[in-house]
1. If you bin every alpha carbon distance in the protein assembly as shown into 10 Å steps from zero, what whole percent lands in each bin?
2. When ligands, DNA and RNA are left out and all protein chains stay put, how many square angstrom of accessible area per residue does the protein assembly as shown have with a 1.4 Å probe?
3. Can you pull out the buried accessible area for chains B and A, both sides counted, probe 1.4 Å, rounded to the nearest 100 Å²?
4. Work from the charge dipole of the protein assembly as shown (Cβ charges, +1 for Lys and Arg, -1 for Asp and Glu, about the Cα centre) and give the residue of A:SER193, A:GLY37, A:THR106 farthest towards its positive end.
5. Which residues make up the longest stretch of chain A clear of trypsin sites (Lys or Arg not before Pro) that lie in a DSSP loop with no more than 13 other Cβ atoms within 10 Å, not counting the sites?
6. Helix B:76-93 sits at what angle to the longest principal axis of chain B, using alpha carbons and giving 0 to 90 degrees rounded to 10?
7. For the stretch B:4-93, restrict the atom set to alpha-carbon positions and state the Rg and Dmax in Å.
8. Using only helices, what value at 222 nm comes out for chain B when you add -39,500 (n - 2.57) per DSSP H run of length 4 or more and divide by the total residues, to the nearest 500 deg cm²/dmol?
Amino acid sequence: MRFQDASRDARAVVYAGVQADPTVARAAQLLAAATTGQRLLARAAMNGQSDDPAAWRVMFPTLFGPRAEAAESERSEAVLTAALDVAGRGEHARSLYRGAIVEALTERLLAQRVQPAAVHRERRILFDGVRSEIHPYDVTVELPDRAEAYDCKWGARGINAEVLLQLDLARRNAELEGARLVTALVVFDSRRSCRVRLARQTPTPGVRLVALESLDALAGGRPGVPGALAGADPGRPS
Amino acid sequence: MPDVHDTIARATSALDALARAGEAVEDEWQYVTDLHAVWRARLVQVATARGTASVEPGVLEAVERASVEIEAIEDPHRAIDWLSTYPQIVLLALGETG
């Protein structure tokens, strides 16, 4: 099993510009330290509706109300500002930015668990004797004795048979080579919604799910220990 | 004083309208139907468990504001995004988990 940078077509070049926008890095930085409630606020505001911050403060009384701690309120304000910045970019751009933010967030959280140099973006995984897939994985962790591959989605609606198949195939090919590869879907949406989506897909029990509520599992655990993604769900709803 | 039952009744009414908007995306009809059923059941579960407990004005205001927001949605794709997000806002305001 080996890794390779994905080749860049025209779309990838445009998307790379979005990924490099400081807005994406700023949002990822804030969301990496955010609570689940603050991440939900970001998701809601970036879904697009009101551009009035006051409306969002009303909708999230636990984050902005009188009982919220000052430091948390401050972070909620920063998350809201970043989310509304993305929301204000129009339907198409918003979609690109949301995806890039989930990827950057995943990268940032993983870099809290493993050496940042081991975390890569947009990588293909190659196996001996197997026709290489064009599909690059959004984020990978590449260590000498094991690896992890992640596909990132803004919402549960992004979960589909193709994505699950690609992750599962990579995992099985690695297994055939005797290599260790953890594959997971990172979805910036609730576990419940992801399970609804997964319930009508072909089961891929080897693919893990990291939903909005369990994002911090990416940063937790100890490198090299099986189950380092404790808190992540198996790819099939129970 | 409004109670949890009243709050959830407002929320399920808004959620139903949101699902109707999302159903316009034919390819996602099944997903919209499933999502609607699951989140509606979760909201009703909370109403059943806490029905007559009173809610603070801020919570009622939060649910009303979020409901008004989603009732203004015309784009069915955006409605699908909100079908997952809106119930979580309601639950968070009520101090419940998703």
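The values are calculated or read from the model by the stated rules, or taken from the named source; none is laboratory data. None of these values were measured; they are calculated from a predicted model. Here the Cβ is made from the backbone with ideal geometry for all residues, glycine too, and neighbour counts use every protein chain on show. In case anyone asks, the SASA skips ligands and DNA or RNA and just uses the protein heavy atoms, side chains included. Shrake-Rupley method; radii C 1.70, N 1.55, O 1.52, S 1.80 Å.
1. Binned Cα distances yield the sequence 6, 26, 34, 23, 10, 2, 0.
2. Details: 14750 Å² over 336 residues.
Averaged over the residues of the protein assembly as shown, the accessible area is 44 Å².
3. Approximately 2700 Å² gets buried when B meets A.
4. Projecting each Cα onto the dipole axis, the largest value belongs to A:THR106.
5. Numbers: sites that count: A:ARG8, A:ARG67, A:ARG131, A:ARG200.
Longest gap between qualifying sites, sites excluded: A:132-199.
6. Between helix and principal axis, roughly 20 degrees.
7. Just the Cα atoms of the stretch B:4-93 yield Rg and Dmax of 12.8, 41 Å.
8. That comes out to -25500 deg cm²/dmol.
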